[in-house]
Structures are given as structure tokens and as C-alpha cells.
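In what follows, a single structure is set out as C-alpha cells and then discussed.
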Amino acid sequence: MKRVGFLTSGGDCQALNATMRGVAKGLFHIYQDEIEIIGFEDGYKGLMYANYHLMNRSAFSGILTKGGTMLGTSRQPFKLMRVPDENGLDKVELMKHTYYKLKLDALVVLGGNGSQKTANLLSEEGLNVIGLPKTIDNDLWGTDMTFGFQSAVDIATNAIDDIHTTAASHGRVFIVEVMGHKVGWLTLHAGIAGGADIILLPEIPYDLKKVVKKIEERTKGGSRFSILAVAEGAISKEDAALSKKEYKKRLEERAAKYPSVAYEIGARIQEMTGQEIRVTVPGHMQRGGAPVPYDRVISSRIGAHGAHLIDEGKFGRLVVVKNNVITDIPLSESAGKLKTVDPNGDIIQEARLLGISFGDK
């Protein structure tokens, strides 16, 4: 009898259930009735404190289209994994104890960067771990695509689409703030898909004068409105030149005055142009709802490959997408690395040819 543990860690997204279903269906197909799946509740916390339940075949029925995660999730920062818990207990040893107590043959971790760093840590501690690439940010190094990304792109794009009509009607500048603190893949794709005129990303520090110049050019050209897609982590050239300590202080000062970067940018543009500015923040809507068909397919494929790795006894691996082929790489190869937008990459150059401004030129 094989025993496999599942856990979902970090921020939720639309295709976590679909991916677990893919692994489970693969395992049930391979092992028939000789497989037990243990679901850990609320991420690594469930593994630490042995909060789990047995998941039979029926648990995976009807969840392909259901967003979120039926196991629940929580954020357990990697940098705190070696810090004792509130009772002074070693978190890593707690997780290892649960793993061996339940006599697991493998642990499947569905998560993003921080989650996979911890998965790699557990792998280095001797546990049989398989990582599956989840994040709406698509910033996990080593894979072309993460499940959840395309669903989030669709939601952010719809927000920009809906803003167009009201922006055009009132002749306003609208800013749509898209999720993404450290990387801008989600903002970039939604911005292009939604026809944004200006896209501000963490990887390309902006000059507000250049942003205003683009808006004024559109106004002179007869456009009554402009749409800005702004990542949560968008940063000005001035702020990008600050030290980490100085920038942290800068963020604290901004938080005392504005809800987020989009509101600060909006206020400053209004001061510089006199135009009426409106800010829209889709927020956690970008993580919610049902996965789009693309994510259902990619999640099913990723899950099936995870089941295959378990059957082959190949552990310490992260399932990845490369040129639309599902394959895998060592967890250690991806752990601790971010896949960022290349400011000189093809997609950026192509967007510039479309007349999109990134606020830097």
C-alpha cells in the first residue's frame, strides 16, 4: 500500500484543486486500491502539527472547476522555518516526525517560491518530495508556466476591459493596480491583453515625467482617456536608486499617506496634469473564481506527471513546463530563484512597438 501526502502552501489560486485532482487520478489509475492519499490541512502547518485527513476517490470528484484549495492554505515564511515555534519546537523536525509517523512514501507540495524552498529543504532532510508549480505571478524559476497564472490574467484583463468604457465616457485617466510585488508577468500580460497604454512593472523603474508625457501625447492625438496597468511593486527610478533600508523607510512613509503605489501615482499625475484620475484595484479577485480552461488542462498534465514521478521513485523534483512539454527539474535548481521579466526581452520590445509605454523612455 502506497501512502502519499498532499499539501497546498502559500497564496491560494484557481487551479490548486484541479492539480491535486490530476495527481490523485494518476495515482488511482496506477495503483488502483493500493494507494492512500493523506491531505494536510492549511499547508505546512498541517504537516507540522499532524492535522490531516484521508482522501478517497470521491474527495477528488467535481473539483476540476472549483477554485481555491479544499485543503486550506497558510503562509509559512521560509526564513522562519529554522526558527522554533511558539512552544520552542523545531518546525522541520515536527514535519519530519509527522511524515515518518504516517509512513508516507512521498509528499506532494503545491506552492510557489517560498513553498518550494521549504520543499527542497525537506528533500535535503531525506523526505521523498515532489513539487508542483503554483502561483498567479508566474515567477517560479525553471518553468515557463505556473498553474493559476492564466486564470489571474483573465480576471485582471477583464478589469481593464471593463474600465475602458467608463474611462472613455468620462475622458479620464484610469489606473488599474494588478497583483505582483516583485515581478510583473501578471501586469504585463493583462496590460497587453487589455490594451493598456502604459504598463508599470517592478523590473522597469519608471520616470513619472515620461508617464505624463505619454498621457499628454494621447490627449493631443485626440484620445480622451488613458489606461495604466500598474503592478503592486512598481517602482520609480528615484526609489530604485535607494538602499534597502532607505526604500523600506520610503514605503512606510507612503503607507501612511496612500493605500498603495497606484494611489500615489494617481495623485502625482493629477497634480502634474490637472486631469481627473481614478484608481481601480481588483485585489484578491485575481486569485478567486474557477480556473480557466487553459489552467484546467495544464494542471491536469502537471498532476499526471507528478503521479508518474512518484511511480518511478524520482523524488526531489519540481514539475515544470518547457515549450509546452511537461517535464521536471531538481527542486534545488529552482529553490530561491525568481523568474523576472527581462526589460530587454522580446515581449517588452514587441509591446513597445505597439506604442505601449513602460514609463522609462
Checked against (1) surrounded by fewer than 18 Cβ atoms within 10 Å (Cβ to Cβ); (2) part of a helix (DSSP H, G or I), Ala262 satisfies every condition except (1)
Q. Can you spot a residue in segment 240-257 that is buried (at least 16 other Cβ atoms within 10 Å of the Cβ) and of a type outside the set (Val, Ile, Thr)?
A. no
Restricted to segment 27-51 and to residues being out of contact with any Ser or Thr (no Cβ under 9 Å at 6 or more places or on another chain) and either part of a helix (DSSP H, G or I) or among the basic types (Lys, Arg) (or both), the residue least open to solvent (accessible area, probe 1.4 Å) is Leu27
All conditions in (1) surrounded by fewer than 23 Cβ atoms within 10 Å (Cβ to Cβ); (2) in contact with a strand residue (DSSP E or B) (Cβ under 7 Å, 6 or more places away or on another chain) are true of Ile130 except (1)
Within segment 205-222, of all residues that are outside any helix (DSSP H, G or I) and touching a helix residue (DSSP H, G or I) at 6+ places or on another chain (Cβ under 9 Å), the one surrounded by the most Cβ atoms within 10 Å (Cβ to Cβ) is Tyr206
All-but-one check, Asp139 against (1) touching a Lys or Arg at 6+ places or on another chain (Cβ under 6 Å); (2) crowded, with 16+ Cβ neighbours inside 10 Å; (3) more than 30 Å from Arg317 (Cβ to Cβ), failing number (3)
Screening Arg57, Arg21 for residues that are at negative phi and open to solvent by 70 Å² or more (accessible area, probe 1.4 Å) leaves only Arg57
Restricting attention to segment 307-321, does a residue exist that is of a type in the set (A, V, I, L, M, F, W, C), more than 30 Å from Arg3 (Cα to Cα), within 24 Å of the chain's Cα centre (by Cα) and at pLDDT 95 or above?
no
In segment 154-178, residues that are assigned to a helix (DSSP H, G or I), within 14 Å of Val281 (Cα to Cα) and either open to solvent by less than 10 Å² (accessible area, probe 1.4 Å) or touching a helix residue (DSSP H, G or I) at 6+ places or on another chain (Cβ under 6 Å) (or both) total 4
Of those in segment 70-111 that are of a type in the set (Phe, Trp, Tyr) and over 13 Å from Met48 (Cβ atoms), the residue surrounded by the most Cβ atoms within 10 Å (Cβ to Cβ) is Phe78
Residue set Asn113, Asn120; condition among the polar types (S, T, N, Q) and out of contact with any helix residue (DSSP H, G or I) (no Cβ under 7 Å at 6 or more places or on another chain); output residue Asn113
The one condition Cys13 fails out of (1) open to solvent by less than 10 Å² (accessible area, probe 1.4 Å); (2) within 19 Å of Ala290 (Cα to Cα); (3) in contact with a Ser or Thr (Cβ under 6 Å, 6 or more places away or on another chain) is (3)
Expected output for segment 172-191 (first residue touching a residue at least 24 places away in the same chain (Cβ under 8 Å) and among the aromatic types (Phe, Trp, Tyr), partner in a strand (DSSP E or B) and open to solvent by 10 Å² or more (accessible area, probe 1.4 Å), Cβ below 9 Å, 6+ apart or cross-chain) is Phe174/Ile277; Phe174/Arg278; Phe174/Val279; Phe174/Thr280
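For (1) assigned to a helix (DSSP H, G or I); (2) at pLDDT below 95; (3) touching a His at 6+ places or on another chain (Cβ under 7 Å); (4) surrounded by 16 or more Cβ atoms within 10 Å (Cβ to Cβ), each residue gets a yes or a no:
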residue: His284; (1), (2), (3), (4): yes, yes, no, no
residue: Ser299; (1), (2), (3), (4): yes, no, no, yes
residue: Gly303; (1), (2), (3), (4): yes, no, no, yes
residue: Gly336; (1), (2), (3), (4): no, yes, no, no
residue: Arg352; (1), (2), (3), (4): yes, no, no, no
residue: Gly359; (1), (2), (3), (4): no, no, no, yes
Taking segment 180-204 and keeping residues open to solvent by 20 Å² or more (accessible area, probe 1.4 Å), on the phi < 0 side of the Ramachandran plot and not acidic (Asp, Glu) leaves His181, Lys182, Trp185, His189, Ile192, Ala193, Pro202
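The values are calculated or read from the model by the stated rules, or taken from the named source; none is laboratory data. Please read these numbers as outputs of a predicted model, since none were measured by experiment. Here Cβ is always computed from backbone atoms with ideal geometry, including for glycine, and neighbour counts include all displayed protein chains. We work out accessible area using only protein heavy atoms, side chains counted, and drop any ligands, DNA or RNA first. Shrake-Rupley method; radii C 1.70, N 1.55, O 1.52, S 1.80 Å.
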